Amino acid sequence: MNDSALYAQALPPGPVDPDTPLDLLGGMTPAAFMRDVWHRKPLLIRQAVPGIVPPVSRDALFDLADRDDVESRLVTHFRNRWKLAHGPFARENLPGVKTRQWTLLVQGVNLHDAAAAELMGRFRFVPDARLDDVMISYATDGGGVGPHFDSYDVFLLQVSGRRRWRISSQTSLELIPDMPLKILADFSAEQEWVLEPGDMLYLPPQYAHDGIAEGECMTCSIGFRAPAYRELAGHFLAWLSETVEDNEDLGGRYADAGERAATRPAQLPAGMAKAVAERLKALQWNSQMVSEFLGTHLSEPKPGVEFAEIADMPLRRYATLASRHGVVLAPASIALYDRANFFLNGEAYEPPAELMPWLKKLADNRQLSAQEVETCADLPDLMETFHHWTLEGWLQLGPRL
Ligand code: SIN
Ligand code: CO
């Protein structure tokens, strides 16, 4: 049995109190930050994380960049030319650390490293449905990705060394054509700061910025996602047509008994669109269905994620262990819920009402303690469900002490 996958490495962070002022937000409460700053304006926070220790070392980051289940990019700016390459990168294929002006960016570090996951958890005053991942960049002196803008909110936390950030509220977001990466054609900085370890810069979407390393440095980007409505519409319609599969109106196939002999064979039959339109009326939805779609869609695991399945373990043995250690969501698991449904890794469940409060607690805290599992262990379905999720690798036992 793969014990290292069965037991969590660390306890995950729970929800954040909205009314407690935080260093992380420069002394603001999460409630005030969300009201006044989030998605509206940039904010520089000196010593957001005093005494910060990088979640991973430079070498550990290079090791991650060598894995084929980790997304990584290398940006070089040698002899004034931008170049972009996609990983995995063997160590010998990265430029030397004494070579100036290159950056390695590693996406989704929180999925592989407990300290990065803990860091991301500090930002859970933003709903999980909006949280994306922790990207860590390593740069040598003069390294950066050029002046650009992102489509998403981001917290840029300096974790080692220094980086000079220049930002601009400019509305001209035109890009230099034919470049391997997005570089603003005309960037004119309005504000600039050098960030030291522990300092953090929050930027709302579409805010122009350029970060240049002053000596070797590492920066963590706590990134968010905001699905594009057009993309959602496509996924929603696919979900809807599957969900209404059982609907009788959509069960059949177009039929045309009595159709007249065609004299213009290329012309669409006159009644066809009308008949199809009639049946498509079955594809109706309400906001509860949209919520079910969103929960399913937004809890889909990130591309490339593979859960470590557990070889079969008898339910009774599992129940004993779960009551002893508690249960913890696997780092890559995405759990969401709405009023009636619980969503885990792209699957929707409509649990019995008495289970729901426990599942909500599991999703919000990302764990249930041994005591909590003991309390709910006898609820119908609960232990079977946890057992099943654990075998899938979605849920783990609490850390071995
Ligand atoms: C970086 O960490 O080098 C780039 C992050 C960003 O500008 O979004
Ligand atoms: Co950016």
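Scanning segment 114-138 for residues that are closer than 18 Å to residue 201 by Cα and either without any contact (Cβ under 8 Å) to a residue 12 or more places away in the chain or more than 16 Å from ligand 2 (Cβ to nearest atom) (or both) yields 116, 119, 120, 121, 122, 123, 124, 125, 126, 131.
If we keep just the residues of segment 377-401 that are among the hydrophobic types (A, V, I, L, M, F, W, C) and not in a loop (DSSP other than H, G, I, E, B), which is nearest to the chain's Cα centre (by Cα)? The qualifying residue nearest to the chain's Cα centre (by Cα) is 395. Taken over segment 343-370, the criterion of being closer than 23 Å to residue 331 by Cβ and assigned to a helix (DSSP H, G or I) is satisfied by 358, 359, 360, 361, 362, 363, 364, 365, 370. Just to verify a result, which residue in segment 143-157, among those that are of a type in the set (Gly, Ala, Ser) and in contact with a Phe, Trp or Tyr (Cβ under 9 Å, 6 or more places away or on another chain), is farthest from ligand 2 (Cβ to nearest atom)? Once the filter is applied, the top-ranked residue is 143. Contact map, segment 267-283: first residue farther than 24 Å from residue 243 by Cβ, second residue assigned to a helix (DSSP H, G or I), Cβ cut-off under 9 Å, separation 6 or more or different chains; pairs are 269/275.
A single entry from 55, 30, 42 fulfils the requirement of being touching a strand residue (DSSP E or B) at 6+ places or on another chain (Cβ under 9 Å), in contact (Cβ under 8 Å) with a residue 60 or more places away in the chain and under 30 Å from residue 177 (Cβ atoms): 42. The set of residues in segment 320-343 that are over 26 Å from residue 304 (Cα atoms) and either touching a His at 6+ places or on another chain (Cβ under 7 Å) or among the β-branched types (Val, Ile, Thr) (or both) contains only 320.
Would you kindly identify the helices (runs of 4 or more DSSP H) lying entirely within segment 199-288 that contain at least 2 residues that are closer than 30 Å to residue 129 by Cβ and away from ligand 1 (no atom under 16 Å from the Cβ)? Please lay out each step first, then the result.
Working: elements: 229-243, 248-251, 272-280.
So the answer is 229-243.
When 188, 160, 172 are checked against the criterion of being of a type in the set (Gly, Ala, Ser), away from ligand 2 (no atom under 15 Å from the Cβ) and part of a strand (DSSP E or B), 160 stands alone in meeting it.
FYI, it's all coordinate maths here, none of it is from the lab. All values reported here derive from a predicted model rather than from experimental measurement. With ideal geometry, Cβ positions are generated from the backbone for all residues, glycine too; neighbour counts draw on all protein chains shown.
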